[in-house]
Amino acid sequence: MVAKGVILVLSCLGVIQALFLCVYLFSLRDRRSNLLLAFLLLSLTVRIGKSVVFVYLDLDPRVRNLAIATVLATGPLLWLYGKAILEKQTFSSRHYLHLVPFALYLLLSPIIPNDGSLLSRILYPSVLLHQTVYLVVSWYYLFNVPAGTRLKSWYRNIVIGVSTVLLVYGGVYLGFIPFYILGAVFFSLLVYIFSYMLLKRHVFALEKYTSSTIDGATARQLVQQVKSLFEQHDAYLDSELTLKRVAEQLSVNSRDLSQAINEQEGKNFAEFVNQYRIAKAKTMLADPVYAQEKVASIAYDCGFGTVTSFNVAFKAATQMTPTQYREQVGVLRNT
């Protein structure tokens, strides 16, 4: 009895937390990706909420059908969300045709049988199959997204979470998993993991460029151009280098360039430049040719404007001061 009560509380808390996240996502700026994720989470929440209630109460078949209808929305919403955050794609009305099965099932839910009849035994596995197909499509799409694309790992985590929920319910339906409420328990854990990731990584802060129309392919191309400028011409060695100056050299808008670096590299412009400067500094500190060179001289040679900024950036990247790094490399070299 105690265990049953704990499971009920855990499941209810997961549903409440999920609803809170839905409200939060709906409250963000009217950006398509936020709305898609909110509806995706809401569809899962309705499905899981029905499972929690169904374990303890005998629900009307029409209510159960409403929850099943949301399963038909989960797959398309997951796929559309991936395209929205990874490609910044502008959707046309034909994209939303993927939600037609959900709309039809929702409208017909009062008359669709949910009583163990032959038709109901055919419809439910068909719904699960529909979701499975979209999950496969989402995984296929994810694997074909270029490595290093910003938010790819975030989307992968979302796909893993939805897949886990489907596997649990599929296992329950096939009889491999004896506890129906286990799906709700898994969902609750996933919701709290999702909340932690959201607060820790501030994923939605990456979507601040609401007025920009730059897409994923263009962003990747811009970043590659900046990398070429840095790697072939050592532009990062200029201590007075600015975002505006780089944008002018590439004949692009500063805001678009900032967005491209932010989304593709997960860094702001200064952090992006500093990673090149620190890599150069590490090479010089480890080179016996520069063994007598002062740290300050190396800092200036690598493009840092002050020794203080060099020390702060270097320690943040390596957890060591430049002097400690030089000493450690010297010890390793002499052993």
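Quick one: in the range 249-278, of everything that is in contact (Cβ under 8 Å) with a residue 60 or more places away in the chain and in a helix (DSSP H, G or I), which residue is nearest to A317 (Cα to Cα)?
E265
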Condition check: closer than 16 Å to R47 by Cα, open to solvent by 40 Å² or more (accessible area, probe 1.4 Å), outside any loop (DSSP other than H, G, I, E, B) and at pLDDT below 85. Does L167 satisfy that? yes
Could you check the range 219-235 and list, in sequence order, the residues that are assigned to a helix (DSSP H, G or I) and either open to solvent by 20 Å² or more (accessible area, probe 1.4 Å) or over 16 Å from E265 (Cα atoms) (or both)? R220, Q221, Q224, Q225, K227, S228, L229, E231, Q232, H233, A235
Pull up the range 238-294, narrow it to residues that are open to solvent by 60 Å² or more (accessible area, probe 1.4 Å) and β-branched (V, I, T), then point me to the one that is farthest from the chain's Cα centre (by Cα). V289
Answer yes or no: is there a residue in the range 138-152 that is at pLDDT 90 or above and of a type in the set (G, A, S). yes
Number of positions in the range 68-116 that are free of Cβ contacts under 8 Å to residues at least 60 places away in the same chain, open to solvent by less than 40 Å² (accessible area, probe 1.4 Å) and among the aromatic types (F, W, Y): 2
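The values are calculated or read from the model by the stated rules, or taken from the named source; none is laboratory data. Because the structure is a prediction, the values reported are computed rather than measured. Backbone-built Cβ (ideal geometry, glycine too); neighbour counts: all protein chains shown. Note: areas computed on protein heavy atoms with side chains; ligands, DNA, RNA excluded. Shrake-Rupley method; radii C 1.70, N 1.55, O 1.52, S 1.80 Å.
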